[in-house]
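Have a look at the structure below before the remarks.
The values are calculated or read from the model by the stated rules, or taken from the named source; none is laboratory data. Small disclaimer: the values here were computed from a predicted structure and weren't measured. Don't worry about glycine lacking a Cβ; one is built from the backbone with ideal geometry, like all the others, and counts go over all protein chains shown.
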Amino acid sequence: MTRLEIALVHEGFHRMESRLESICMAFCRTLFGLDLSLRPLFPNDLQPLAAHLAAGLETAVRSLDDLQPVLVCAPALGLRLASHGVVPDDLHTVCAALLATLQSELGDAFTEGVRAAWRRLFWIVAAATIGAMNEALPAAA
């Protein structure tokens, strides 16, 4: 990621940091609103998932200057997602839900540049999960 993209992500994250878990719950609602077929793949109580998402998001944002440690862990995330029944094509919906949630939270501060920076971060991490997800597909089927 470029220095500008990193700065834009940091700035947006800083605006949301104090409400991160509630924002992650809003992300879940947005995700399931976009694709209700994903809802049964996750537990009824979404609070632990929201807390886990918040921690993962915080780790990714704090690691923007060196994403390698995050990328090393990404295949395990891919396996975990695949074990829930998430497939690589679902990541497009996940990205759309993330961007919609960020837009809702950041309002006018969610410019096209901010959108592009967050999208880039998402796909950098997602790309590292997809290989593991694909490997897990035959076992999960």
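In the stretch 86-141, of all residues being among the β-branched types (V, I, T) and outside any helix (DSSP H, G or I), the one that is farthest from the chain's Cα centre (by Cα) corresponds to T111.
Does V72 qualify as being of a type in the set (V, I, T), outside any helix (DSSP H, G or I) and surrounded by fewer than 19 Cβ atoms within 10 Å (Cβ to Cβ)? Break it down into steps so the answer makes sense when it comes.
Working: of a type in the set (V, I, T): yes; outside any helix (DSSP H, G or I): no; surrounded by fewer than 19 Cβ atoms within 10 Å (Cβ to Cβ): yes.
In short, no.
From A76, A54, grab the single residue that is of a type in the set (A, V, I, L, M) and more than 23 Å from G131 (Cα to Cα).
The match here is A54.
Only one entry of E17, E21 meets the criterion of being farther than 20 Å from A116 by Cα and either part of a loop (DSSP other than H, G, I, E, B) or modelled with pLDDT under 95 (or both), and that entry is E21. Taking the stretch 96-118 on its own, how many of its residues are surrounded by fewer than 17 Cβ atoms within 10 Å (Cβ to Cβ) and of a type in the set (S, T, Y)? So the answer is 2.
Looking only at the stretch 98-113, decide whether some residue is farther than 18 Å from A26 by Cβ, out of contact with any strand residue (DSSP E or B) (no Cβ under 9 Å at 6 or more places or on another chain) and among the aliphatic types (A, V, I, L, M). Checking the stretch 98-113: not a single residue is farther than 18 Å from A26 by Cβ, out of contact with any strand residue (DSSP E or B) (no Cβ under 9 Å at 6 or more places or on another chain) and among the aliphatic types (A, V, I, L, M).
Looking across L98, L102, L91, L64, one residue alone is at pLDDT 90 or above, more than 25 Å from P43 (Cα to Cα) and out of contact with any Ser or Thr (no Cβ under 6 Å at 6 or more places or on another chain). It is L64. Here is a check on your reading of the model: is T129 in contact with a Pro (Cβ under 7 Å, 6 or more places away or on another chain), touching a residue at least 12 places away in the same chain (Cβ under 8 Å) and either among the β-branched types (V, I, T) or over 21 Å from A50 (Cβ atoms) (or both)? Answer is yes for this residue. With respect to the conditions (1) more than 16 Å from L121 (Cβ to Cβ); (2) buried (at least 17 other Cβ atoms within 10 Å of the Cβ); (3) not small (G, A, S), V61 falls short on a single one, namely (1). Kindly evaluate D66 against the criterion of being outside any helix (DSSP H, G or I), without any contact (Cβ under 8 Å) to a residue 24 or more places away in the chain and over 25 Å from R3 (Cβ atoms). Considered against the rule, which asks whether it is outside any helix (DSSP H, G or I), without any contact (Cβ under 8 Å) to a residue 24 or more places away in the chain and over 25 Å from R3 (Cβ atoms), D66 comes out as no.
Of everything in the stretch 29-57 that's without any contact (Cβ under 8 Å) to a residue 24 or more places away in the chain, in a helix (DSSP H, G or I) and in contact with a helix residue (DSSP H, G or I) (Cβ under 6 Å, 6 or more places away or on another chain), which residue is surrounded by the most Cβ atoms within 10 Å (Cβ to Cβ)? Only one residue tops the list, namely F32.
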